[in-house]
Amino acid sequence: MDGRYLIRTFGCQMNEHDSERIGGMLRADGMRPARDVADARVVVLNTCAIRENADNRLYGNLGHLKPLKAKDPDLRIVVAGCLAQKDQGTIQERAPWVDVVVGTHALPHLLDLLRRAEREGPQMDVREYTELFPSALPAARDDAFRAWVSIAVGCDNACTFCIVPFVRGAQRSRAIGDVLAEVQGLARNGVVEVTLLGQNVNTYGRDLSVPGSSRRSLFAELLRRVNEVDGLRRIRFTSPHPHDFTPDVVEAMAESEKVCEHIHFPLQSGSDAVLRAMQRSYRRERYLGWLERIREAIPGIAVSTDIIVGFPGETERDFEDTLDVVERAGFDSAYTFQYSPRPGTRAATMPDQLPKEVVQERFDRLVTLQERISLERARGQVGSEVEVLVEGEGRRGLSTQSRTRTNRIVHLAEPFDPGTFVTARVTGAAAHHLTGEAVPTPVLA
Ligand code: SAM
Ligand code: SF4
């Protein structure tokens with residue numbers, strides 16, 4: 001196909017990763033990226049289904065595309081990702097100007113679907129099984145120095161609020177050799193940082209072990225093997241489940257010098273009653289105990305989390321338990337969400353769905369508390385010297401944006417090329433970023 005494409009990505013890193021592959025396939029087919037929608041022959045909306053506003057955004061965006069399609073029937077509109085998998089035929093019923101609906105498992109077939117749409121009209125593929133990992137497809141990356149690497153897709157848990165197992169299916173891990181071959185290839189091409197991706201990364205490999213065996217996770221082994229890849233400097237991973245941070249994983253992190261000192265440790269709630277109703281396998285004290293063990297093993301590690309406010313039946317007392325755990329855990333940062341009922345999940349039909357005002361009021365209190373803690377944690381960094389990796393131009397007159405191993409953003413006054421490692425002294429702190437200056441490297445005599 002010739003012409004230009006535009007991809008709009010919603011949702012999590014998994015979707016960012018899939019979008020790189022969508023761009024990669026379109027480029028391999030002869031297309032080039034467009035600057036805006038007016039310039040595009042193919043527009044892809046890569047969607048998220050985690051919260052309700054994601055649905056609303058998709059149909060809002062499709063509404064904006066309708067007059068463009070009416071004016072230019074050659075424009076091809078594609079809906080990909082989790083909402084495509086969830087809403088399936090409903091999308092083309094509600095928006096008949098959509099040419100292709102491609103579910104999460106059907107991504108490798110995108111080009112075929114586009115071609116068939118040219119000849120035969122609207123197409124949909126929402127098959128239930130992944131034959132090819134998206135990482136095996138060509139990629140169009142924004143950065144030459146860092147990359148996502150998918151290690152598993154799907155999730156075997158059944159958290160009662162979550163739509164992911166419905167739209168991404170059961171966990172399927174990629175063979176360890178395939179992951180390593182991809183990381184080695186990336187490192188040879190100048191990538192210095194990889195982020196290993198999965199819905200529940202630390203159960204990686206359970207589905208690969210021999211049937212009837214102990215269904216052992218291979219995540220610790222994978223970390224150690226990726227750590228040996230020459231040329232690579234930083235390894236990250238997301239998202240893990242607190243329950244699966246087994247001692248062997250913590251040990252592998254502590255002993256692998258390329259694994260960054262940052263974990264995402266999703267709490268969801270600090271109330272035992274709510275955790276039980278969410279079908280999360282841990283309880284508050286256990287969670288805090290695990291966190292203490294990790295901090296002992298990896299000094300200076302930064303911790304981020306996910307928290308849902310307003311789960312059905314959450315009382316004021318339950319919410320105060322969440323505030324208490326947040327205070328005690330001292331997270332560096334938190335993604336805070338208002339509970340959003342997802343049709344098909346168990347929580348959506350639970351009694352005691354909370355009124356919006358109650359959820360909003362609790363949410364605001366949680367955000368205020370976490371902002372204070374984030375700021376305190378950031379201030380603790382002032383005066384320290386850290387290794388940062390330059391990502392690109394900074395905002396608001398600050399020259400350069402860079403990132404520490406602990407995943408903190410540092411704005412530097414001096415310009416540097418993306419992909420450069422710099423030693424920086426932290427000079428200032430805000431809740432969501434640090435400021436710093438480059439430390440001159442000593443000139444060798
Ligand atoms: N696998 C990850 C885990 O177990 O932590 C979560 C992946 S999910 C894409 C990211 C976050 O979205 C979850 O951790 C949760 O906090 C939030 N989330 C999921 N479903 C939600 C819902 N129905 N309402 C509000 N937030 C939700
Ligand atoms: Fe969803 Fe994460 Fe729970 Fe899996 S572990 S069901 S992805 S919240």
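Annotations
- From VAL410, VAL422, residue being modelled with pLDDT of 95 or more, in a strand (DSSP E or B) and touching a Lys or Arg at 6+ places or on another chain (Cβ under 9 Å): VAL410
- The set of residues in segment 182-204 that are of a type in the set (A, V, I, L, M, F, W, C), buried (at least 21 other Cβ atoms within 10 Å of the Cβ) and assigned to a helix (DSSP H, G or I) comprises VAL183, LEU186, VAL201.
- Given (1) polar (S, T, N, Q); (2) more than 16 Å from ligand 1 (Cβ to nearest atom); (3) at pLDDT below 95, index of the condition SER217 fails: (2)
- Verdict on ALA431 being touching a helix residue (DSSP H, G or I) at 6+ places or on another chain (Cβ under 8 Å), modelled with pLDDT under 95 and surrounded by 14 or more Cβ atoms within 10 Å (Cβ to Cβ): yes
- Taken as a whole, the condition of being on the phi > 0 side of the Ramachandran plot and either under 19 Å from the mean Cα position of the chain (by Cα) or modelled with pLDDT under 95 (or both) does not apply to ARG174.
- Qualifying positions in segment 121-152 - free of Cβ contacts under 8 Å to residues at least 60 places away in the same chain and within 16 Å of ligand 1 (Cβ to nearest atom): ALA152
- Evaluation of PHE166 against the conditions (1) aromatic (Phe, Trp, Tyr); (2) touching a Lys or Arg at 6+ places or on another chain (Cβ under 6 Å); (3) surrounded by fewer than 19 Cβ atoms within 10 Å (Cβ to Cβ) shows that the sole unmet condition is (2).
- From the options VAL102, VAL79, residue that is of a type in the set (Val, Ile, Thr) and closer than 17 Å to ASP29 by Cβ: VAL102
- Test: residue in segment 162-181 that is in a strand (DSSP E or B) and within 14 Å of ligand 2 (Cβ to nearest atom): yes
- Cβ-Cβ distances below 6 Å connect the following pairs, each with a first residue in segment 230-247 that is near ligand 1 (Cβ under 10 Å from one of its atoms), a second residue that is small (Gly, Ala, Ser), and a separation of six or more residues or different chains: HIS243/SER281.
- Segment 251-274, subset among the hydrophobic types (A, V, I, L, M, F, W, C), within 12 Å of ligand 1 (Cβ to nearest atom) and crowded, with 22+ Cβ neighbours inside 10 Å, residue nearest to PHE161 (Cα to Cα): LEU267
- Residue in segment 36-48 that is nearest to LEU113 (Cα to Cα), counting only those that are in contact with a Lys or Arg (Cβ under 8 Å, 6 or more places away or on another chain) and not in a strand (DSSP E or B): ARG41
- Considering each residue of segment 148-157 in turn, at least one proves to be within 16 Å of ligand 2 (Cβ to nearest atom), surrounded by fewer than 19 Cβ atoms within 10 Å (Cβ to Cβ) and part of a loop (DSSP other than H, G, I, E, B).
- Test: THR246 is surrounded by 17 or more Cβ atoms within 10 Å (Cβ to Cβ), under 17 Å from PHE265 (Cα atoms) and at pLDDT 90 or above: no
- Residue count for segment 77-122, restricted to those that are closer than 21 Å to GLY3 by Cα, touching a Lys or Arg at 6+ places or on another chain (Cβ under 8 Å) and assigned to a loop (DSSP other than H, G, I, E, B): 2
The values are calculated or read from the model by the stated rules, or taken from the named source; none is laboratory data. The shown structure was predicted, so the numbers you read here are calculated from the model rather than taken from an experiment. No Cβ is skipped: glycine too gets one built from the backbone with ideal geometry, and neighbour counts run over all protein chains shown.
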